[in-house]
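First comes the structure, then the notes that go with it.
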Amino acid sequence: MMNYFHRQIQLWGEEKQASLQHKKIVIIGCGGLGSSLAYALGSSGIGEIHLVDFDTVSVHNIHRQIAFKVGDEGKFKAQIVKQSIEERCPYVKVFAHVGRLEDFTCKGIGVDLIIDATDNLPTRALIDTYAKEVKTPWLYGSVEAFHGQVCLFEQSSFKAFAISNKTPEGIAAPIVMHIASLQANLALRYLVGLRVKKDLLYYLYFNDEGELMTQKLNMPH
């Protein structure tokens, strides 16, 4: 197993790598963010990954949801992502929960980190409530057009995102992978015990000159 994770062991040592085998996470949503998160985290050495998604693959998903290919239309996303992770890494147990968030929370499965890979604010508000109830941090991520946001919520509330009547823009495929990569890096740092700034929102966007900008905003409690 240590040969498989050789480059990560060079980064943080055998003890931290071995500790990942005892960690459990849940990824809520297996679309754009969820697919990329699964590829990044599914072969990192995390011992147990739960995938929650009720949806099936549509042809318009495939350009930005890297776990899927033409021919997957109509199949459950969670089941396809589970198969992809298991084919990449034999050292992880993956559980596909085909259904909504409420169905998963009723199962009483404890995890070390909750990761949001959904695409709407109401579901994220439910994730926040669930995370506070089980006293577990959750990692928020969202994408739109060429920009995205990430935050590791612990004490702060998601109520600052209570926005109504907003029509989403389109999405460029690479920003989905970019934001998922940032989420995955924060997740791994947290899970192996490295320092992570919580309740800080990272907002990444391109300005009118095409320059990539990053803003950091403290989230209110």
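The values are calculated or read from the model by the stated rules, or taken from the named source; none is laboratory data. Since this is a predicted model, take the numbers as computed values, not measurements. As a convention, Cβ positions derive from the backbone with ideal geometry for all residues, glycine included, and neighbour counts pool all protein chains shown. Surface areas here come from the heavy atoms of the whole protein model, side chains and all, with no ligands, DNA or RNA. Shrake-Rupley method; radii C 1.70, N 1.55, O 1.52, S 1.80 Å.
Looking at Leu51, Leu101, just one residue is within 18 Å of Ala184 (Cα to Cα) and of a type outside the set (Phe, Trp, Tyr), and that residue is Leu51. Leu201 meets each of the listed conditions (1) closer than 23 Å to Lys132 by Cβ; (2) in contact with a helix residue (DSSP H, G or I) (Cβ under 8 Å, 6 or more places away or on another chain); (3) assigned to a strand (DSSP E or B) apart from (2). Determine if segment 121-143 includes at least one residue that is of a type in the set (S, T, N, Q), under 13 Å from Ser35 (Cβ atoms), open to solvent by less than 50 Å² (accessible area, probe 1.4 Å) and without any contact (Cβ under 8 Å) to a residue 60 or more places away in the chain. Checking segment 121-143: not a single residue is of a type in the set (S, T, N, Q), under 13 Å from Ser35 (Cβ atoms), open to solvent by less than 50 Å² (accessible area, probe 1.4 Å) and without any contact (Cβ under 8 Å) to a residue 60 or more places away in the chain.
Results for (1) modelled with pLDDT under 95; (2) open to solvent by less than 70 Å² (accessible area, probe 1.4 Å); (3) closer than 15 Å to Leu152 by Cα, shown as yes or no for each residue.
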| site | (1), (2), (3) |
| --- | --- |
| Ser181 | no, yes, yes |
| Ala187 | no, yes, yes |
| Tyr190 | no, yes, yes |
| Gly193 | no, yes, yes |
| Lys197 | no, no, yes |
| Lys216 | no, no, yes |
| His221 | yes, no, yes |
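So, in segment 109-152, of the ones that are among the β-branched types (Val, Ile, Thr) and assigned to a loop (DSSP other than H, G, I, E, B), which residue ends up nearest to Gln65 (Cα to Cα)? Here the answer is Thr118.
In segment 174-213, the qualifying residues are those that are in contact (Cβ under 8 Å) with a residue 40 or more places away in the chain and β-branched (Val, Ile, Thr), and the one that is farthest from Ala67 (Cα to Cα) is Val196. On inspection, Phe146 does not qualify as without any contact (Cβ under 8 Å) to a residue 60 or more places away in the chain and open to solvent by 20 Å² or more (accessible area, probe 1.4 Å). Report, by residue number, each residue of segment 115-138 that is among the basic types (Lys, Arg) and over 10 Å from Gln155 (Cα atoms). Selection gives Arg124 alone. In this entry, Glu48 is excluded by the filter for residues that are charged (D, E, K, R) and free of Cβ contacts under 8 Å to residues at least 24 places away in the same chain.
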